[in-house]
Amino acid sequence: MFRKKENSHRSFKELGPIIAFLSLAAFTAVLNPRFLTPFNLQTLGRQIAIFGILAIGETFVIMAGGGAIDLSPGSMIALTGVMAAWLMTHGVPVSVSALLILAFSIGVGVWHGFFVTRLEVPAFIVTLGTLTIARGMSAVITRGWPIIGLPSSFLKLDQGSIIGIPIPVWILVLLGLIMDFFLRKTIFGKHLRAVGGNETAARFSGVNVNRVRMITFMISGFMAGIAGLIVAARLSQGQPGVGSMYELYAIASAVIGGTSLTGGEGSVLGSIVGASIISLLWNALVMLNVSTYWHNVVIGMVIVVAVTLDVLRKRIRG
Amino acid sequence: MKTVLRARKILKRFPGVVAVNGVDFEVYEGEILSLVGENGAGKSTLIKILTGVLQPDSGEIEVMGEKVSFKSPLDAFSKGISVIHQELSLAENLTVVENVFLASEVTRGRRTLFSRVSMEEMNSRTKELLSTIKARFEPDTLVSKLTTAEKQMVEICKALSKKPKVIFMDEPTSALTISEVKALFEVIRDLKRRGISIVFVSHRIEEILEISDRIIVMRDGKRVATMNRKDATVDYLIKAMVGREVEFFPRVDTNPGEVILEVRNLKWRDRVKGVSFELRRGEVLGFAGLVGAGRTETMHLIFGIEEPEEGEIFIKGKKVEIRSPRDAIKLNIGLIPEDRKLQGLILTMSVKDNIVMPSLRHISNFGWILNERAEEKLAEEYVNLLKIKTPFIHQISENLSGGNQQKIVLAKWLSTNSDILIFDEPTKGIDVATKAEIHKMIRELASSGKGVIMISSELPEILNLSDRVVVMWEGRITAILDNSNRQLTQEEIMYHASGQSKKVMV
Ligand SMILES: Nc1ncnc2c1ncn2[C@@H]1O[C@H](COP(=O)(O)OP(=O)(O)OP(=O)(O)O)[C@@H](O)[C@H]1O
Ligand SMILES: [Mg+2]
C-alpha cells in the first residue's frame, strides 16, 4: 500500500522564471551587442543585488501569510542611507556607522513586528506608516539636500569588485545562501511555512507564531538596511529621495519568483530570479533605447503578465 | 422501482492512486442508500464525480434515463442532484438565508448581477424550509453562531431549495451527537417520504443498519458488494468493507498509577465554570457530555490554547504555568484537536511535514537544523503503523481522504511520545477497522504508563475504553463515574450529561 517515491514531489519551480530571464537577456544582447560589455553587466549586477536583497526580505514577510507585507523598504533605503551619511560626515568611523545602521534597521523590523503581533495591527498599515515616516525623516535630517562627502573607503561597498564581480553581487550571493539555508534547512523555515499555511494549526503544533512573524520583519528590516548602505555608497551621498517604489519592485520580484501572497510558499532563489527579471527589464529598456517615459508602463505590464502566467501554470499542474 | 441516477464504469485516477476503479452505481427513487467502505476507498471521490465537482477520466452518468455530463456542481443541481460534502462549506460570515440562496438569490424582476434581491421572499422561503426540517433557528442568524448540527441543517435547506431528486450526504453524522443524529435521521426519513432519494455515507455500522434501505460497499476504488437492509448484518458488512474479521474493544487490564495531572477549579469565560479532576498514569479518562458542555474548552486551557482566568494545573504534583501549546508540549502534553482542517493539519504541507511538526526539536541537528532522513524515518514509521493511505509521504495532505487526514493528526501526536495525551473526538470519520486499531492503541498507550484523556460523543467508545468517566454539563462536572469493570451504562451517562443530576442536587 505504501510505496516510496523519493523526490517526485520536488518540481523545480524556478525554472519558468529562469528561462524568461535568459530569453530576455538573449533578446536584448542580439538587438544591442553593448548589453554584453563588462561595464553593462556590472551595472546590471549591482541593480539585481539591490532588488534581490529587498526581495528576499519581502519573501520572508509575505510567506508568513495572514496578509503580511512590508511596504517600508523603499523609504528605509533613503532613511538608512541618509543616516549613514550623517554619521560618517560627523566623524563616526565607517564600520561603526554601518553597524549602527544595521542595528537601527533591525530595530524598525522589531517595531513592525511588535505592532503586528502584540497589537494585531495589519502589517499593511504599520509598514505604510513607516513608508511615510521614514521618507519624511530623511527629509527632516537632510532638510531636503543630499549629504555629501562620504569617506572613500565606504564607497567601495558598492563600487569595488572582486575578480571583476561587484561587491554588492557578492553580498547578495552570501545573504542568499544564508537565507536559503534558513528557509529550507532549519526549523524556523518549516515553522514559517506552517504559519503561512495555517496559523491556527501551527499554534496547535507548538509553533511560536508571534516569534516567527517577528523574525520575518527583522529580516526584512535588516535587508533594507543593507540595501540602504549599498545605495548610499553607489550615489556617494545620503539622498532623501532615493528608493521610491522599491518596495513594490521587491514585492513584484517575490511574486514573480513564486512567493504566494496568501503565504506558506516561496523561495530565496525564486526571489532573486524575480529581482533579476525586473532589473534586466530596466536595463534592457535603456539598451533598446526605449524612451524613459515608457519604462514604468512596460514594467507594470510585464509584472502583470508574468504573475498571470505563473498562476495559469500552477492551475494547469493542479 | 424507478432509477433516478445511474452511472456506468466510472474511473478516476490521481497521481499514484486509482481512486474510483470502474464503478457502476444506481440510485432508485425514494430510497435511502448507504455508501460504505474504508478510509480512502473512494466514496467521496465517487460522490464528487456524481455531483459535478470532479470530472471522471471515463464512464457515463444518466439522470432519469437521460445521458448527462456535469461540468460543474451547478449542472448537477439543475438536474436535481444535490450534495452535502464531508467538509461543510458554508460562508461563515453570512446569514442562514444568504447561504441558502447563495448564487441563486431571488430577485425582483429579471435576475442580473445587479438586480435588487427580494429579502422578504428569501426569508419566508427559508423559514418554510427550516420548518419542514424542524430547525429551530431564525433565517437571519449568522452561520458562525450555529452549532455543527445546525450548520448541517442549513446545508440541507440549501440542497432542498434546489428541489432535488437525490441528495448525497458525505459523512453527515461524523460531527454530531447522538440526539443530533436522531434528529437528522428524522429529517432524512421525512425527505424519503417526499420521494427524495438519499445517498448516505457513514463509518458507524449501527447508523447504516438503522437508516438504509440498501447498502453499497466499496473497497480500494471498486464496488465489492451490494445488499438490501434485510440481508445485512454487522459481521457481513464489516467483512465486505475490510476483507477480514475485526476485533473490537480489546480488554486490557489496567492498574492506574500515580496522579500525573491534576486540575483545580479551572475557570474561563462562561464556558468552563470551575472544573477539577485528576488523571493517573495508566488510565483512560473519558469525557462525556453534550456539545457545548465545555469539554474541548477545558482541554484547551490545559494545552495552553487559552489561558484560564482562575484555577491551577499540577503536573506530577508540581504547579505549572501553561501559556501556550509550546509550554504544554515541553511538559510532555499532546492534544489531538477535534477540527482536523482548522486545528490539526496544515493542508498545504506534506504528510511528512505534518507528522513531524511537533517533534522537530527532538529530531533536528543541534535543535535547529532539519534532519531530512530522520523526518522521513519517523513519518514512514507512523504511516505504516496507522496504515495511512498515501502514495508517498511527500504527498500534500489536502489530497488524502478525510479519514486518512485524521490519521495524520493522530500520527503527529503519537510520535511525540508525550506522557499525557488528550484525544478530542479521535475517531471522527475513521473506518471501523482502523477505529478498532486506534482503540487498541489508546489502551496500549495507557498500559505503557501514559495518562490518556479522551473526549468522545460516541458513548460506546467512552464506555468501552474509559476506566473512569467525567461527565460535563454547561461548563461544570456533574459526575465522575467509575468504570473499571465496564459497568457503566449509556443511561447513567446521559442522565448526568443532561444536567438532571444537578437539578436534583440543587
Ligand atoms: N485531489 C486528490 N489528489 C490525489 N489523490 C486524491 C485526491 N482526492 C482523493 N485522492 C485519493 O483517492 C483515494 C480515495 O479518496 P476518497 O476521499 O474518495 O476516500 P473516501 O472513501 O471518501 O475515504 P474517507 O472515508 O476517509 O473519507 C484516496 O487514496 C485519496 O488519497
Ligand atoms: Mg470521504
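Of all the criteria given as (1) within 9 Å of chain A (Cβ to nearest Cβ); (2) among the β-branched types (Val, Ile, Thr); (3) surrounded by 21 or more Cβ atoms within 10 Å (Cβ to Cβ), the one not satisfied by B:Ile369 is (3).
Taken over the range B:300-334, the criterion of being of a type in the set (Lys, Arg) and outside any loop (DSSP other than H, G, I, E, B) is satisfied by B:Lys318, B:Lys319, B:Arg326, B:Lys330. A:Ala202 - would you say it is away from every other protein chain (no Cβ under 14 Å), touching a helix residue (DSSP H, G or I) at 6+ places or on another chain (Cβ under 9 Å) and open to solvent by less than 20 Å² (accessible area, probe 1.4 Å)? Criteria not met by A:Ala202.
Within the range B:12-25, residues that are in contact (Cβ under 8 Å) with a residue 40 or more places away in the chain and near ligand 1 (Cβ under 10 Å from one of its atoms) reach partners that are of a type in the set (Lys, Arg) and open to solvent by less than 60 Å² (accessible area, probe 1.4 Å) with beta carbons closer than 6 Å, at six or more positions or on different chains, in the pairs B:Ala19/B:Lys12; B:Val20/B:Lys12.
Scanning the range B:179-196 for residues that are assigned to a loop (DSSP other than H, G, I, E, B) and either modelled with pLDDT under 90 or under 17 Å from the mean Cα position of the chain (by Cα) (or both) yields a total of 0.
Counting only helices (runs of 4 or more DSSP H) wholly contained in the range B:403-499, the ones carrying 2 or more residues that are within 16 Å of ligand 1 (Cβ to nearest atom) occupy B:432-447. Considering B:Leu385, B:Leu347, B:Leu378, the condition of being within 16 Å of ligand 2 (Cβ to nearest atom) and either in contact (Cβ under 8 Å) with a residue 12 or more places away in the chain or under 25 Å from B:Lys428 (Cβ atoms) (or both) is satisfied by B:Leu347 alone. Pairing each residue of the range B:169-196 that is more than 14 Å from chain A (Cβ to nearest Cβ) and over 23 Å from B:Ser44 (Cα atoms) with any residue that is away from ligand 2 (no atom under 16 Å from the Cβ) and of a type outside the set (Val, Ile, Thr), provided the two are 6+ apart or on different chains, yields C-beta distances under 6 Å for B:Gly195/B:Gly30. Against the list (1) more than 23 Å from the chain's Cα centre (by Cα); (2) closer than 15 Å to B:Ile336 by Cβ, the condition B:Leu378 fails is (2).
Of the residues B:Leu400, B:Leu385, which single one is within 14 Å of chain A (Cβ to nearest Cβ) and either under 25 Å from B:Met472 (Cα atoms) or surrounded by fewer than 22 Cβ atoms within 10 Å (Cβ to Cβ) (or both)?
Answer to the selection: B:Leu385.
Taken over the range A:21-69, the criterion of being over 18 Å from A:Val286 (Cα atoms) and among the small types (Gly, Ala, Ser) is satisfied by A:Ala49, A:Gly52, A:Ala55, A:Gly57, A:Ala64, A:Gly65, A:Gly66, A:Gly67, A:Ala68. Just so you know, in the range B:159-175 the residues that are in a loop (DSSP other than H, G, I, E, B) and either in the same structural domain as B:Asp424 (by TED's automatic domain parsing) or away from ligand 1 (no atom under 16 Å from the Cβ) (or both) include one that is most open to solvent (accessible area, probe 1.4 Å), and it is B:Lys163.
Residues of the range B:5-18 that are open to solvent by less than 40 Å² (accessible area, probe 1.4 Å) and either within 14 Å of another protein chain (Cβ to nearest Cβ) or at pLDDT below 95 (or both): B:Lys12, B:Gly16. B:Ser364: touching a Leu at 6+ places or on another chain (Cβ under 7 Å), at the interface with chain A (Cβ under 7 Å from one of its Cβ atoms) and open to solvent by less than 30 Å² (accessible area, probe 1.4 Å), yes or no? It is true that B:Ser364 is touching a Leu at 6+ places or on another chain (Cβ under 7 Å), at the interface with chain A (Cβ under 7 Å from one of its Cβ atoms) and open to solvent by less than 30 Å² (accessible area, probe 1.4 Å).
Residue-by-condition table, conditions (1) open to solvent by 60 Å² or more (accessible area, probe 1.4 Å); (2) within 14 Å of another protein chain (Cβ to nearest Cβ); (3) part of a helix (DSSP H, G or I):
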{"position": "A:Leu128", "(1), (2), (3)": "yes, no, yes"}
{"position": "A:Ser138", "(1), (2), (3)": "no, no, yes"}
{"position": "A:Ile141", "(1), (2), (3)": "no, no, yes"}
{"position": "A:Gly176", "(1), (2), (3)": "no, no, yes"}
{"position": "A:Phe188", "(1), (2), (3)": "no, yes, yes"}
{"position": "A:Val212", "(1), (2), (3)": "no, yes, yes"}
{"position": "A:Ile230", "(1), (2), (3)": "no, no, yes"}
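Of all the residues in the range B:308-346, those that are open to solvent by less than 20 Å² (accessible area, probe 1.4 Å) and within 8 Å of chain A (Cβ to nearest Cβ) number 7. Anything in the range B:50-66 that is over 22 Å from the mean Cα position of the chain (by Cα), free of Cβ contacts under 8 Å to residues at least 60 places away in the same chain and either within 16 Å of ligand 2 (Cβ to nearest atom) or open to solvent by 30 Å² or more (accessible area, probe 1.4 Å) (or both)? List them, or say none. Passing the criteria: B:Leu54, B:Gln55, B:Pro56, B:Asp57, B:Ser58, B:Gly59, B:Glu60, B:Glu62, B:Glu66.
When the residues of the range B:404-459 are filtered to those that are within 16 Å of ligand 2 (Cβ to nearest atom) and of a type in the set (Lys, Arg), the one that is least open to solvent (accessible area, probe 1.4 Å) is B:Lys407.
State whether one or more residues within the range A:10-21 are exposed (fewer than 15 other Cβ atoms within 10 Å of the Cβ), within 14 Å of another protein chain (Cβ to nearest Cβ) and either farther than 30 Å from B:Ala19 by Cα or free of Cβ contacts under 8 Å to residues at least 60 places away in the same chain (or both). Yes. The range B:197-277 holds strands (runs of 3 or more DSSP E) entirely within its bounds, and those carrying 1 or more residues that are on the phi > 0 side of the Ramachandran plot map to B:259-268.
Taken over the range A:192-218, the criterion of being in contact (Cβ under 8 Å) with a residue 12 or more places away in the chain and of a type in the set (A, V, I, L, M, F, W, C) is satisfied by A:Leu192, A:Ala194, A:Val195, A:Val207, A:Val209, A:Val212, A:Met214, A:Ile215, A:Phe217, A:Met218.
Just one of the numbered conditions (1) closer than 29 Å to B:Ala41 by Cβ; (2) open to solvent by less than 20 Å² (accessible area, probe 1.4 Å) is not true of B:Ile493: (1).
Screening B:Val106, B:Val53, B:Val83 for residues that are assigned by TED's automatic domain parsing to the domain that holds B:Met153, at pLDDT below 95 and under 13 Å from B:Lys158 (Cβ atoms) leaves exactly one candidate, B:Val83.
The values are calculated or read from the model by the stated rules, or taken from the named source; none is laboratory data. Just so you know, these numbers come straight off a predicted model, no measurement behind them. Please note: Cβ atoms are built from the backbone with ideal geometry, for glycine as well, and neighbour counts cover all protein chains shown. Side chains included, ligands, DNA and RNA excluded: accessible areas come from the protein's heavy atoms. Shrake-Rupley method; radii C 1.70, N 1.55, O 1.52, S 1.80 Å.
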